[in-house]
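The values are calculated or read from the model by the stated rules, or taken from the named source; none is laboratory data. Here the structure is a predicted model, which is why all the values come from computation and not from measurement. Virtual Cβ from ideal backbone geometry, glycine too; neighbours counted across all protein chains shown. Side chains included, ligands, DNA and RNA excluded: accessible areas come from the protein's heavy atoms. Shrake-Rupley method; radii C 1.70, N 1.55, O 1.52, S 1.80 Å.
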Amino acid sequence: MNYRIDFNRPHLTGKEAHYMYDAVQKGKLSGNGEYTKRCQQFLEQKYGFKKCLLTTSCTDALEMCALLCDLQPGDEVIVPSYTFVSTALAFVRVGAKIVFADSMSRNPNLDAEKLEELITERTRVIVPVHYAGVACDMDRIMEIARKHDLLVVEDAAQAIDSYYKGRPLGSIGHLSAFSFHETKNIISGEGGALCINDERFIRRSEILWEKGTNRAEFFRGEVNKYGWVDIGSSFLPSEVISAFLWAQLENLDDIQSKRKALWDRYFQLLKPIADKGLFKLPDLPDYATNNAHMFYLVLPSLEARQALIQKLKDAGILSVFHYLSLHKSPYYAPKHDGRRLTQCDRYSDCLLRLPMYYDLSLEDVDEVCRVIAK
Ligand SMILES: *Cc1c(COP(=O)(O)O)cnc(C)c1O
């Protein structure tokens, strides 16, 4: 079906094909070349990551995080249930047991105040997800991690250019993962980045990234031959993908300010309706910024949400719900410990995402809000 107003459309800055052509002309097409380094340095300098490595997806970056955490079978990893499959899957693949955390009632992020109840002797890692690019309470999470000697991996897939008390998301946990999937703010079709803030992990991350070899050290002239030294995979993207990504990163400020203008318009137009108690608008705690990744509503019931999706659809507007709680998924439900996670279930039933992309116009936003108001 064709919609008058789509839910998402990938935005092109105009330079993508130019840089991709340039990469092709230079005849260096495999990974870790000029464009890859340019993107990595940009992210390191802008956000203060100690090291950034581009990956073929955020899922891959999370898999690298799971490998770097060096877990033993049966080790426990705390993951919110209201998230994308990859957040949990990366750790399942290294044999970890997932302990699902519930969301807060104020927003879908995991409830840091209830985190300690989930910690056992086998807990090794906490994986906060910054839902909609809105920060989790990182001071509280890092304090709990320090107290119990745990690692923190930020799933910052949606969180580019967003901050917690002035600190960039992805720069606070030991490790973090970003996504450049075409549904995110900055895109390369499929793509991602692993960011490392704890220096202990830098050397091994480069080895895992390049198929278990110390190739990166060799090319820096630090060793005189390279070989197989560890496990790993081919996690790095080709230069063609990195060239595309560079065209996006170069325009990050423009992309972010346009998205924020759209987000602010939604907020302004929908606030009077939310004030009547008909639905809730996105919640931004004092410690968090908004990176305009997503504009969502939380309706009072599943029925109300489905009815609104239908009304918008009738008006040619595509709006969509989001995650199904992972603790109820066909794959993990039999392994879940049976705790009820009522907030996750509430967001699964009641959260609705509205169209949000660079090429949406303010008039489109006005139209969506008119239909909602009606
Ligand atoms: C998009 C997303 C991912 C997966 O990113 P890919 O780049 O598609 O692998 C993981 N976690 C969250 C929270 C996401 O939003």
Among (1) within 15 Å of LEU284 (Cα to Cα); (2) within 15 Å of the ligand (Cβ to nearest atom); (3) open to solvent by 10 Å² or more (accessible area, probe 1.4 Å), the one test that TYR163 misses: (2)
Hey, SER234 within 16 Å of the ligand (Cβ to nearest atom) and surrounded by 17 or more Cβ atoms within 10 Å (Cβ to Cβ) or not: no
Exactly one condition in (1) open to solvent by less than 20 Å² (accessible area, probe 1.4 Å); (2) within 17 Å of MET356 (Cβ to Cβ) is not met by LYS260; state its number. (1)
Top-ranked residue in region 183-203 [being open to solvent by 60 Å² or more (accessible area, probe 1.4 Å) and more than 16 Å from the ligand (Cβ to nearest atom); ranked as nearest to ASN32 (Cα to Cα)]: ARG203
Taking the stated definitions as given, is LEU89 aliphatic (A, V, I, L, M) and either more than 14 Å from LYS335 (Cα to Cα) or in contact with a helix residue (DSSP H, G or I) (Cβ under 6 Å, 6 or more places away or on another chain) (or both)? no
Per the filter on region 221-231, residues open to solvent by 60 Å² or more (accessible area, probe 1.4 Å) and among the hydrophobic types (A, V, I, L, M, F, W, C) are TRP228, VAL229, ILE231
Can you tell me how many residues in region 289-326 are farther than 24 Å from ASN185 by Cβ, surrounded by fewer than 20 Cβ atoms within 10 Å (Cβ to Cβ) and out of contact with any Lys or Arg (no Cβ under 8 Å at 6 or more places or on another chain)? 11
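With respect to LEU43, is the statement that it is part of a helix (DSSP H, G or I), within 16 Å of the ligand (Cβ to nearest atom), more than 21 Å from ILE144 (Cβ to Cβ) and open to solvent by less than 40 Å² (accessible area, probe 1.4 Å) true? Spell out the reasoning first.
Numbers: part of a helix (DSSP H, G or I): yes; within 16 Å of the ligand (Cβ to nearest atom): yes; more than 21 Å from ILE144 (Cβ to Cβ): yes; open to solvent by less than 40 Å² (accessible area, probe 1.4 Å): yes.
It is true that LEU43 is part of a helix (DSSP H, G or I), within 16 Å of the ligand (Cβ to nearest atom), more than 21 Å from ILE144 (Cβ to Cβ) and open to solvent by less than 40 Å² (accessible area, probe 1.4 Å).
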Those residues of region 329-343 which are of a type outside the set (Gly, Ala, Ser) and either without any contact (Cβ under 8 Å) to a residue 24 or more places away in the chain or touching a His at 6+ places or on another chain (Cβ under 7 Å) (or both) amount to PRO330, TYR331, PRO334, HIS336, ARG340, LEU341
Selection from region 14-37 of residues β-branched (Val, Ile, Thr) and either open to solvent by less than 40 Å² (accessible area, probe 1.4 Å) or free of Cβ contacts under 8 Å to residues at least 12 places away in the same chain (or both) yields THR36
